[in-house]
Every structure is written in C-alpha cells, then in structure tokens.
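The structure appears right after this line, and notes come after that.
The values are calculated or read from the model by the stated rules, or taken from the named source; none is laboratory data. None of the values given here were measured: they were computed from a predicted structure. Cβ sites come from the backbone with ideal geometry, for glycine too, and all protein chains shown count toward neighbours.
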Amino acid sequence: MSAPASLLEPLSRIERALERSITAQATPANLADAMAYALLAPGKRVRPLLAWHACVAAGGAGPESLPACVAIECVHAFSLVHDDLPAMDDDDLRRGRPTLHIARGEAMAILAGDALLAMAFGELTDGRLSPELGVALSRELFEGTRGMIAGQVFDTLGDLPDQLSALDQVRLIHASKTGALITAACRMGALCGLRRDDPGAAQTFEALTEFGRHVGLMFQVVDDLLDLTATPEHAGKRTRKDDAAGKRTFPGVAGVEETQREIARLRSAAVAALEPVQARAGVLRELIEWLAARTK
C-alpha cells in the first residue's frame, strides 16, 4: 500500500527544512557530512509527518510545526545511528545503505549521533519560536527521548518489571522504545497548532496524545511482524535479527495471528481517539491505514 498523496504533501517542505538545518550547523565538514548522511537518508519521515498533520488537526496550518518536525527527526536519526553500533544492534545496513559506522567509522558515528541530539534542541531554542513554545516543545522532546532510551535499555539490557506478563513486557518495551517518540511528535505538532483561546484545546491535546500512543505501539508491532515476513532486500535492513538476538517481540510471544489481531485493535483505537478532532484529522486517519498495511 502506497502512502496517500495527502499525507506526503508537506514532505518537500520538511526535506528542505532538514537540509537547511544541516547547512546551518557550524561544525567540521566531515562531521556535517556524517550528520547529513544520517539525517537526510531516504526514509518514511513518519515522525515529522505526524507532527505536521497533528498541528493541522489541532487547528494550525502546518508550516508552523517545521521546527518541531526537524527536531523530532534529528532525535530519530540519532537513535538509529547509535542503535546500529556494534555495542547495540551491530547492524551494517539501514534504509538500503551501509550504516553510518560502516560508511564513516565508529568514532564519527558516535559523534554524529551526539551532534544530532544536540541539534534537535537547538532547533527549538534558536529564536524562531516564542520562548514559551520553545520550552514546551523542548520538554516534550526530552520526555520522548528519555522514554525511547528507557525502551532501549529494556530491550537490550533488561531490568523489566517482573510482575508483568511476557506480553505486557513487550508492550512496555514497544511503548517506550518506539511509542514515546511517536507520541512526542503528535504532542509537539499539537502544541504548534493549538490556539490559546480555543475552549477545546485541552480535549484536542489529549485526543492527539492518545492517538500517538496507539499509533506508536502499532508501528512497532507491525515492525515485529515485518521482521519475520519481509526479506532484507525489501526491508532495506537485516531481518530476523531480533529472534537471533533473543529479543522479545510480539509474534515471538503471542504468535503471528494474535499479532495481526493486535495491529487491528490498535488501528481501531487510534481511529477512535481522533473523534474529538475528526473534522480536521482526515489525513491522520489515512496515515493509520497506511502504517497498519505497510510492507516495509
């Protein structure tokens, strides 16, 4: 299933904003090159697209969310660079290309990831946004990043709550590792679009938060399924690596059929969450269908 054109309409503006953000950095040329390799790599841009369309669903026009779009994608790119390192998942392929530590060396990959994380918060505090909004967005990005890192710890190093069932442990890993940053993207976009005089602002913000939580979990459950069913050539990365590493996955714990039912349940829950903003959330509904049916 191809991404709907309405979803991708702001993509060219997001890509240009990402490119400008790299050229604006006062960094050594080799570091800027490595950052660009990671940040501008071909990808779905799910998180910045979520931020843009959540902004629209909250009552905004979309372009006012661009600093948030860039910031959230910088954190996502940083996480992938560090995820791929030998000490973590030890991957040599990402989005159909050599991972950054293979292409530019391990030391440069670590430093480029560090720089992308720092750059994310710089995007929100460079004077383009009001101080109040910049602080609020920075806080949301911090919470999303902290949750993502906690999820990586659960996934890679353990320390999961013993009282949780195996399936609930998987849900906790996924809601943290993937869901936290996707939820942050929705909340950041909403903050950019909300009007202070809107009496329904709190309800809109909560609706888009709930939507983000369901979509974030669904995205990773779909990833788990694709890790079993997609070829490395189609996925653009090594597959079945989670099984090989002994990591907890949804199909590994619950089986393929239950995983498919979980995807359908989360898809329905995400659609229901949009009820308070349904008049402005048509593209977000299309995004849910695309993510639920994606094949890579």
Please indicate, with yes or no, whether at least one residue in the stretch 21-37 is in contact with a strand residue (DSSP E or B) (Cβ under 9 Å, 6 or more places away or on another chain) and either of a type in the set (Ser, Thr, Tyr) or closer than 27 Å to residue 295 by Cβ (or both).
yes
Complete set of residues in the stretch 46-67 that are among the charged types (D, E, K, R) and surrounded by fewer than 22 Cβ atoms within 10 Å (Cβ to Cβ)
64
Could you check how many residues of the stretch 161-171 are out of contact with any Leu (no Cβ under 7 Å at 6 or more places or on another chain) and free of Cβ contacts under 8 Å to residues at least 40 places away in the same chain?
5
List, please: which pairs have Cβ atoms under 8 Å, are six or more places apart or on different chains, and start with a residue in the stretch 125-138 that is farther than 17 Å from residue 48 by Cβ and end with one that is of a type outside the set (Val, Ile, Thr) and exposed (fewer than 12 other Cβ atoms within 10 Å of the Cβ)?
none
Within the stretch 252-296, of all residues that are in contact with a helix residue (DSSP H, G or I) (Cβ under 9 Å, 6 or more places away or on another chain) and not in a helix (DSSP H, G or I), the one nearest to residue 54 (Cα to Cα) is 281
Criterion: crowded, with 22+ Cβ neighbours inside 10 Å and hydrophobic (A, V, I, L, M, F, W, C) - qualifying residue of 32, 17, 38, 26:
38
Within the group 189, 158, 151, which residue is without any contact (Cβ under 8 Å) to a residue 40 or more places away in the chain and in contact with a His (Cβ under 8 Å, 6 or more places away or on another chain)?
151
What are the residues in the stretch 72-121 that are among the β-branched types (Val, Ile, Thr), surrounded by fewer than 22 Cβ atoms within 10 Å (Cβ to Cβ) and under 27 Å from residue 143 (Cβ atoms), if any?
110
Say whether the condition of being polar (S, T, N, Q), under 21 Å from residue 84 (Cβ atoms) and modelled with pLDDT of 90 or more is met by at least one residue in the stretch 255-278.
no
